[in-house]
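The values are calculated or read from the model by the stated rules, or taken from the named source; none is laboratory data. Quick caveat: nothing in here was measured; it's all calculated off a predicted structure. A quick note on method: Cβ atoms are made from the backbone with ideal geometry, for glycine too, and the neighbour counts reach across all protein chains shown. SASA here: full protein model, heavy atoms, side chains in, ligands and nucleic acids out. Shrake-Rupley method; radii C 1.70, N 1.55, O 1.52, S 1.80 Å.
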Amino acid sequence: MASQALPARGARLGRQVAAGLVPGPRQRDAHTGATVRAVVLALPGGDALSTRRRSPLAAATIWPLARHLVREGHEDGLAAHVVHYRFRGWNGGHAHPAEDAEWAVGEAVRRYGDVPVCLVGVDMGARAALHAAAHPAVTSVVALAPWLPGGPEPEPVKQLIGRKVLIAHGTEDDSTVPELSYRLAERIKKVNREVCRFEVHSDGHGLHQHRAEVFALTTDFVLGNLLDRPFARPVADALAAPPPLGLRMPLASGFGRSLRA
């Protein structure tokens, strides 16, 4: 008897990061009564090639950032989910995580209605976020320490037109290449003025040394885009500055302690 191929596992949106924000179209917070006005989809890292199940460790790594974003924005209607990929790997031209990210945007819109979505990714998830930005619900993208293989085919950028884009990269990252994210930011800037890139000096791939600053930077950018809060001065300056200034903006130590200074 011939064996039958197993059906592909589906991507999942994952449970809501914030307790009390119950999934469902235009659901309300049981405690505040606030309508969900915007959604963050957090995209974990992964491997270049792998059809193994998603990595729980990778999802756990991005969970604190997603939780921080919701803690700062849930009273104004922000909800967040950590996306569960079908497979652990990018897998060449299949770009499975990017496909899963775009599916997740559609699922968020199905659940919550016509709400703006920000894709926040780290490592391979950052590349997935950049690729999946073509969905009309996506208004902004955050790419932290993006994994960019640097092959002969350039990364696509047209899908980022009309979106605000933040890239942040540690200058001592030995897992992904900071210069590649700078070159990509240059290419994005040619088709979209609303892009900025911050360099986290002396930090590595995990951005652990300046975690508080990276969290504050991401929060300022995300809530500024999704909830119309004013950007901190360094973010506004980086978005307005021409290259290379706005694409090599140093992330100052202590950023976030006085965001409006």
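Candidates are the residues of the stretch 133-162 that are outside any loop (DSSP other than H, G, I, E, B) and in contact (Cβ under 8 Å) with a residue 40 or more places away in the chain; the one that is most open to solvent (accessible area, probe 1.4 Å) is T139. The single residue among R127, R110 that is assigned to a helix (DSSP H, G or I), of a type outside the set (A, V, I, L, M, F, W, C) and open to solvent by 50 Å² or more (accessible area, probe 1.4 Å) turns out to be R110.
Could you tell me which residue of the stretch 211-242 is nearest to L180 (Cα to Cα), considering only residues that are in a loop (DSSP other than H, G, I, E, B), over 17 Å from the mean Cα position of the chain (by Cα) and modelled with pLDDT of 95 or more?
Of the stretch 211-242, the ones in a loop (DSSP other than H, G, I, E, B) are 227-232, 241-242.
When the remaining residues are screened for being over 17 Å from the mean Cα position of the chain (by Cα), the result is 228-232, 241-242.
Those left that are additionally modelled with pLDDT of 95 or more: 228-232, 241.
Details: D228: 31, R229: 31, P230: 30, F231: 26, A232: 26, A241: 20 Å.
Per the stated criteria, the residue is A241.
Quick grid of which residues meet (1) within 28 Å of A216 (Cβ to Cβ); (2) of a type in the set (A, V, I, L, M); (3) free of Cβ contacts under 8 Å to residues at least 12 places away in the same chain; (4) open to solvent by 10 Å² or more (accessible area, probe 1.4 Å):
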residue: A38; (1), (2), (3), (4): yes, yes, no, no
residue: D76; (1), (2), (3), (4): yes, no, no, yes
residue: R88; (1), (2), (3), (4): no, no, no, yes
residue: A104; (1), (2), (3), (4): yes, yes, no, no
residue: P116; (1), (2), (3), (4): yes, no, no, yes
residue: D123; (1), (2), (3), (4): yes, no, no, yes
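Residue by residue through the stretch 212-244, note down the ones that are of a type in the set (G, A, S) and either touching a helix residue (DSSP H, G or I) at 6+ places or on another chain (Cβ under 6 Å) or open to solvent by 30 Å² or more (accessible area, probe 1.4 Å) (or both). Residues satisfying the conditions are A212, A232, A236, A238, A240. Scanning the stretch 57-74 for residues that are surrounded by fewer than 21 Cβ atoms within 10 Å (Cβ to Cβ), over 15 Å from V120 (Cα atoms) and in contact with a strand residue (DSSP E or B) (Cβ under 9 Å, 6 or more places away or on another chain) yields one hit, E72. Among the residues making up the stretch 182-206, a single one is assigned to a loop (DSSP other than H, G, I, E, B) and within 16 Å of L148 (Cβ to Cβ): H205.
Test F255 against the criterion of being among the aromatic types (F, W, Y), within 30 Å of D76 (Cβ to Cβ), touching a Gly at 6+ places or on another chain (Cβ under 6 Å) and assigned to a loop (DSSP other than H, G, I, E, B), and give yes or no. For F255, the condition - among the aromatic types (F, W, Y), within 30 Å of D76 (Cβ to Cβ), touching a Gly at 6+ places or on another chain (Cβ under 6 Å) and assigned to a loop (DSSP other than H, G, I, E, B) - is not met. Taken over the stretch 171-181, the criterion of being open to solvent by less than 20 Å² (accessible area, probe 1.4 Å) and either of a type in the set (S, T, N, Q) or under 16 Å from G151 (Cα atoms) (or both) is satisfied by T176, S181. For H205, the test of being in contact with a Leu (Cβ under 8 Å, 6 or more places away or on another chain) and open to solvent by 30 Å² or more (accessible area, probe 1.4 Å) is failed.
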